[in-house]
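Inspection log for the structure reproduced underneath, given as structure tokens.
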Amino acid sequence: MHEVRLTPVQASYVKGLQSHLLSKCSRRDTPSFGLVPLSTRFANGRMLGHEWQISAACDHILDPETGTETCSAVHYRLIGVTNNAGYGFSITYKSNARGPNGIPASADWWKRASIRFSNLATGQATGSITYDYPSVTVTDVTTISGGLWCSTTTPGKVRGIRRPGAASDTISVTNGANGVTALTRDGVTTNYNRVVSGTSATITVTNARQPDRDDGRHL
């Protein structure tokens, strides 16, 4: 069990992370755009802190009845995580460009460029991971040790993963209407059958090495 403390995206925005946009939008009419975690506390005492960058899009949507304006969207991305053991990491992205109304100028605003790990006590870097995008469906990730991982995706879905030194994908993923239906790793296939009934979802997992089992994930 662990505890996650959440905050509305709009609350952080109002507090001033993007204070320069407040002059364009009505503070009291800024809608709530969901929650993001600020901290996570685990049963073993470990704690994580999460830092976000928020970009509000203010399109001057005028309410004819009240005469007030509202923000049309809030975009956010994770830029850092720290723990109570004295370590953390920071994330850079391919682009920081935003349009005049605050909307990210391109999808590169969400594409990671690097992750830098550091010792918080000394401020010294302990390693980094870099990202490259040779095509719209391929992401290359270079690890701290120099290994190159490659993932192939279609919008919102991972299709394959290639580990360092391999000539072809070492993990392949098959997707269906209810999510992942099969995952093959080094020739061994695991099948997933997800059934939703009301507010509950049951996933049955089957592979070549063990019998069918219900993994107990009831949502």
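All of the numbers you see were taken from the coordinates with simple rules; none came from a lab. Remember, predicted model here, so these are calculated numbers, not experimental data.
Under the Karplus relation 6.51 cos²θ - 1.76 cosθ + 1.60, θ = phi - 60°, what is the ordered set of whole-Hz ³J(HN,Hα) values for region 178-195, x standing for Gly and Pro?
9, x, 5, 10, 7, 9, 10, 10, 6, x, 9, 9, 10, 9, 10, 10, 9, 10
Once amide H atoms are placed 1.01 Å from N in the peptide plane, what residues at a sequence separation of 5 or more from L120, or on another chain, have their amide H within under 5 Å of its amide H?
Residues meeting the amide H criterion: Y87, G88.
Skipping prolines and chain starts, which residues have an amide H placed within reach, meaning under 5 Å, of the one on N84, given they are 5 or more residues away or on another chain?
Result for N84 returns M47.
Residues with amide H under 5 Å of V74's amide H, sequence separation 5 or more or different chain, H placed in the peptide plane at 1.01 Å from N; which?
A57
Shape of region 103-171 from its Cα gyration tensor (a ≥ b ≥ c, root eigenvalues): rounded if a/c is under 1.5, otherwise prolate when a/b > b/c, or oblate?
oblate
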